[in-house]
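Following: one structure in structure tokens, then a few remarks.
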Amino acid sequence: MFRGLFMHYLEKAFAAGELNFFSSHRHLHEPAAFRRYLAPAWNTNWVVYARRPFAGPAQVLDYVGRYTHRVAISNNRLVSMDDGKVRFRWKDYRDGNRQKIMTLEAGEFIRRFLIHVLPDGFHRIRYYGFLGNCHRARKLAQCRELLGMAPAPRPEPPADYHDRFEALTGQSLRQCPHCHVGTMVVIDRIARPTICQPAPDTS
């Protein structure tokens, strides 16, 4: 059923012109070539084959966690961006895991990065049961009660946006933007008038 639905909506998206093909798959924009490309998929058994992990489930969670809770490329791998080109570090596993520098056009770099961005409506991780988002807080509280555990501590209030900005950028919003020495102190705020006053007639 999943295979049939997937292929149905894939062909529907192709007919609506919503699919784009690049490089070696550019020829698939032709309807005949696209149908030939999909033909083997109808005869493929779409059943996941899973084997017991060699080092146990802890290693699997550690491996999957590195991919589900991080972005496609971390900031420390970015080297520079000059003249419309992006330079970044990558690991060549075929060459003894050596660190190398790759240079790409900015457009190509963004295209590769967006390949790792899920389409709208897709979720990277779905939670079910008592971890489902719609009733997680209530169910977890009930689980703690049944297990005789202490209630979960209340989350700390979010940090002030001044502190968050300074932690991310290294620049302080409290510092005077002119002398960079004094401290900006809010004395008062002038509220916008709710009713515009007519200008006096001075003619």
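The values are calculated or read from the model by the stated rules, or taken from the named source; none is laboratory data. From a predicted model like this one, the values you see are computed outputs, not experimental measurements. With ideal geometry, Cβ positions are generated from the backbone for all residues, glycine too; neighbour counts draw on all protein chains shown.
Can you say whether A72 is touching a His at 6+ places or on another chain (Cβ under 7 Å) and either assigned to a helix (DSSP H, G or I) or at pLDDT below 90 (or both), as far as the supplied structure shows? Talk me through it step by step, then tell me what you get.
On the way: touching a His at 6+ places or on another chain (Cβ under 7 Å): yes; either assigned to a helix (DSSP H, G or I) or at pLDDT below 90 (or both): yes.
Here the answer is yes, as A72 does meet what is asked.
Within the stretch 78-107, track down each residue that is assigned to a helix (DSSP H, G or I) and surrounded by 12 or more Cβ atoms within 10 Å (Cβ to Cβ).
Here is the first cut: in the stretch 78-107, the residues assigned to a helix (DSSP H, G or I) are 93-95, 106-107.
Correct list: A106 only.
Every residue in the stretch 124-147 that is charged (D, E, K, R), more than 26 Å from R70 (Cα to Cα) and loosely packed, with under 12 Cβ neighbours inside 10 Å, please. Break it down into steps so the answer makes sense when it comes.
The first filter runs over the stretch 124-147 and keeps only residues charged (D, E, K, R), leaving 124, 126, 136, 138-139, 144-145.
Cutting the leftovers down to more than 26 Å from R70 (Cα to Cα) gives us 138-139, 144-145.
Listed by number, the residues that qualify are R138, E145.
If I filter the stretch 93-113 down to residues being among the acidic types (D, E) and more than 27 Å from R124 (Cβ to Cβ), which single residue comes out as modelled with the lowest pLDDT? Talk me through it step by step, then tell me what you get.
To start, the set of residues in the stretch 93-113 that are among the acidic types (D, E) comprises 95, 105, 108.
Restricting the remaining residues to those that are more than 27 Å from R124 (Cβ to Cβ) gives 95, 105.
Numbers: D95: 90, E105: 95.
So, considering only residues that are among the acidic types (D, E) and more than 27 Å from R124 (Cβ to Cβ), the one modelled with the lowest pLDDT is D95.
From A32, A55, A39, A13, which residue is loosely packed, with under 12 Cβ neighbours inside 10 Å, outside any helix (DSSP H, G or I) and either at pLDDT 85 or above or of a type in the set (G, A, S) (or both)? So that I can check it myself, show each step before the final result.
Numbers: A32 fails: outside any helix (DSSP H, G or I); A39 fails: outside any helix (DSSP H, G or I); A13 fails: outside any helix (DSSP H, G or I).
From the options A32, A55, A39, A13, the qualifying one is A55.
Going residue by residue through the stretch 154-172, is there one that turns out to be aliphatic (A, V, I, L, M) and either farther than 30 Å from R77 by Cβ or in a strand (DSSP E or B) (or both)? If you could, list the steps in order and put the result at the bottom.
Of the residues in the stretch 154-172, the ones aliphatic (A, V, I, L, M) are 159, 167-168.
Subsequent filtering for residues that are either farther than 30 Å from R77 by Cβ or in a strand (DSSP E or B) (or both) retains none.
Checking the stretch 154-172: not a single residue is aliphatic (A, V, I, L, M) and either farther than 30 Å from R77 by Cβ or in a strand (DSSP E or B) (or both).
Output the number of residues of the stretch 109-120 satisfying the condition of being outside any loop (DSSP other than H, G, I, E, B) and under 22 Å from E18 (Cβ atoms). Lay out the reasoning, then the answer.
Of all residues in the stretch 109-120, those outside any loop (DSSP other than H, G, I, E, B) come to 109-115.
Those left that are additionally under 22 Å from E18 (Cβ atoms): 110-115.
Counting residues in the stretch 109-120 that are outside any loop (DSSP other than H, G, I, E, B) and under 22 Å from E18 (Cβ atoms) gives 6.
When you go through A72, A41 one by one, which is the residue that is assigned by TED's automatic domain parsing to the domain that holds F14 and within 30 Å of F14 (Cβ to Cβ)?
Details: A72 fails: assigned by TED's automatic domain parsing to the domain that holds F14.
One residue alone meets the criteria, A41.
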